[in-house]
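Colleague: Got a structure for you, questions after.
The values are calculated or read from the model by the stated rules, or taken from the named source; none is laboratory data. Predicted, not measured: the structure shown is a model, and the values here were computed from it. All Cβ positions, glycine included, derive from the backbone under ideal geometry; neighbour counts span all protein chains shown.
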Amino acid sequence: MRHLRVRSHFKSGRLGVRIMCPVSIPCSGGHLAEIQDAATNKFLQDKSRLGHANDNDYNYFIDLTDEAALDEWEWVQSATKPNFTNWGDNQPDHQGNDEHCVFLYAKDHYRWHDVDCDDHDLFICEEEEMNAGGNIIG
Ligand SMILES: [Ca+2]
């Protein structure tokens, strides 16, 4: 049932500042989305796809990082290792040795890709309570 609760508390927004993870999270009153199971993942992929049906240039950061130790992927908020992942083919690939954040990559069916944390892109927030701002997507 957890994913049902989570579903009603996701929103997305345009990132106006540099993403610095894991310490400076762009979600006020919440944190980047932690995806614990396939159902939540599919829900967010579907929402991301619907939100940009005519434009696949928008990707969505989630809360996963290996900034502390290379290839030791961990959810920032809960400080736990992922039980579920949805990496794209040959991901994570640490391109340029500078990819320690993860987003849902539009051009790969919103599967997970490790990317530079400084990339500007959209993000998905998970909140305990609804706050003003952003577009509620689920
Ligand atoms: Ca990559």
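Colleague: Inside region 83-97, can you point out the residues that are more than 10 Å from the ligand (Cβ to nearest atom) and without any contact (Cβ under 8 Å) to a residue 40 or more places away in the chain?
Modeller: Correct list: T85, D89, N97.
Colleague: Identify, please: which residue in region 101-115 is of a type in the set (F, W, Y) and touching a helix residue (DSSP H, G or I) at 6+ places or on another chain (Cβ under 9 Å) and is, among those, modelled with the highest pLDDT?
Modeller: Once the filter is applied, the top-ranked residue is W112.
Colleague: While we're looking at this one, here's another question. On the given criteria, is D121 at pLDDT below 95, under 13 Å from the mean Cα position of the chain (by Cα) and either surrounded by fewer than 17 Cβ atoms within 10 Å (Cβ to Cβ) or among the acidic types (D, E) (or both)?
Modeller: Yes; evaluated as a whole, the condition is true for this residue.
Colleague: Another one. Filter region 108-119 for residues that are touching a strand residue (DSSP E or B) at 6+ places or on another chain (Cβ under 9 Å) and within 21 Å of D46 (Cβ to Cβ); which is farthest from the ligand (Cβ to nearest atom)?
Modeller: Going through the qualifying residues, I end up with Y110.
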